[in-house]
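Below is one structure, written out as structure tokens; comments come after it.
The values are calculated or read from the model by the stated rules, or taken from the named source; none is laboratory data. Predicted, not measured: the structure shown is a model, and the values here were computed from it. Note that we place each Cβ from the backbone using ideal geometry, even for glycine, and neighbour counts take in every protein chain shown. Note: accessible area is taken over every heavy atom of the protein model, side chains too, but ligands, DNA and RNA are not part of it. Shrake-Rupley method; radii C 1.70, N 1.55, O 1.52, S 1.80 Å.
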Amino acid sequence: MKVRCLQPGLPKRISTHPKARGIKSAADITIHGRLTLKVVVFEKQCDLVHFWTEVLGKPYLGRSTLGAVNALSHEIITITPGKPDRSTLWVDPRYFAIMGLVHGHLNMEIVTHESVHAAFCYAKRCKRTPWAHHAEFDEEEIAYPAGRIARAINSYLHDEGLYATVPTRQSAKPSARP
């Protein structure tokens, strides 16, 4: 399988894309080497759906989707009679995936869930097997990148002040010892 880079790839500043809207914040997260995950936080859920449909050309998000990951790659198989089939994997030159999240719905459940999807994108990109089944990967090939991705996203969301503050429950009367 040949690997080729899409030109142009995803812009480094995603807000400069002419069809992008409702972007609250974005960050690049490097897992290992030069492969990077683009994380985009959208103002509203409809902005996430719009981006996936209009910018990425993937109109398959559900109405209640609060997070999504796209591997930013596709495979083209060339079939010529009398010759072996040729497979070319087209990838973004900078990013192994893009993750979209919705502001106001940021929590560790969604971040962890989407981090696992991103870890699969990372593992598939490293192995050059975009259509591999999840059972073809060792647990560690997914667990380590997923942990690194979740940790980095958690830090980014905290640093940007994007996590909603949840009031802590306090008891009515503190217990006092005699």
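Any residue at all in the range 142-149 that is under 21 Å from R63 (Cα atoms) and open to solvent by less than 50 Å² (accessible area, probe 1.4 Å)? If you could, list the steps in order and put the result at the bottom.
Step one: filter the range 142-149 for residues under 21 Å from R63 (Cα atoms), giving none.
No.
So S15 ticks every box in (1) within 23 Å of L162 (Cα to Cα); (2) open to solvent by less than 50 Å² (accessible area, probe 1.4 Å) but one. Which box is left unticked?
(2)
What about A164, is it touching a helix residue (DSSP H, G or I) at 6+ places or on another chain (Cβ under 9 Å), modelled with pLDDT under 80 and open to solvent by less than 90 Å² (accessible area, probe 1.4 Å)?
Values: touching a helix residue (DSSP H, G or I) at 6+ places or on another chain (Cβ under 9 Å): no; modelled with pLDDT under 80: yes; open to solvent by less than 90 Å² (accessible area, probe 1.4 Å): yes.
For A164, the condition - touching a helix residue (DSSP H, G or I) at 6+ places or on another chain (Cβ under 9 Å), modelled with pLDDT under 80 and open to solvent by less than 90 Å² (accessible area, probe 1.4 Å) - is not met.
Among the residues of the range 52-75, count how many are modelled with pLDDT of 80 or more and part of a strand (DSSP E or B).
4
Restricting the first residue to the range 100-119 and requiring it to be closer than 15 Å to A71 by Cα, which pairs with a second residue that is of a type in the set (S, T, N, Q) meet a Cβ separation below 9 Å and a spacing of at least six or different chains?
Sorted first by the residue in the range 100-119, then by its partner, the pairs are G100/T65; G100/N70.
Considering only the range 93-103, I want to know if a residue exists there that is open to solvent by 50 Å² or more (accessible area, probe 1.4 Å) and either modelled with pLDDT of 90 or more or under 21 Å from H158 (Cα atoms) (or both). Spell out the reasoning first.
Start the filter on the range 93-103 by keeping residues that are open to solvent by 50 Å² or more (accessible area, probe 1.4 Å), which leaves 94, 103.
After this cut, where a residue has to be either modelled with pLDDT of 90 or more or under 21 Å from H158 (Cα atoms) (or both) as well, the list is 103.
Taking every residue of the range 93-103 in turn, at least one turns out to be open to solvent by 50 Å² or more (accessible area, probe 1.4 Å) and either modelled with pLDDT of 90 or more or under 21 Å from H158 (Cα atoms) (or both).
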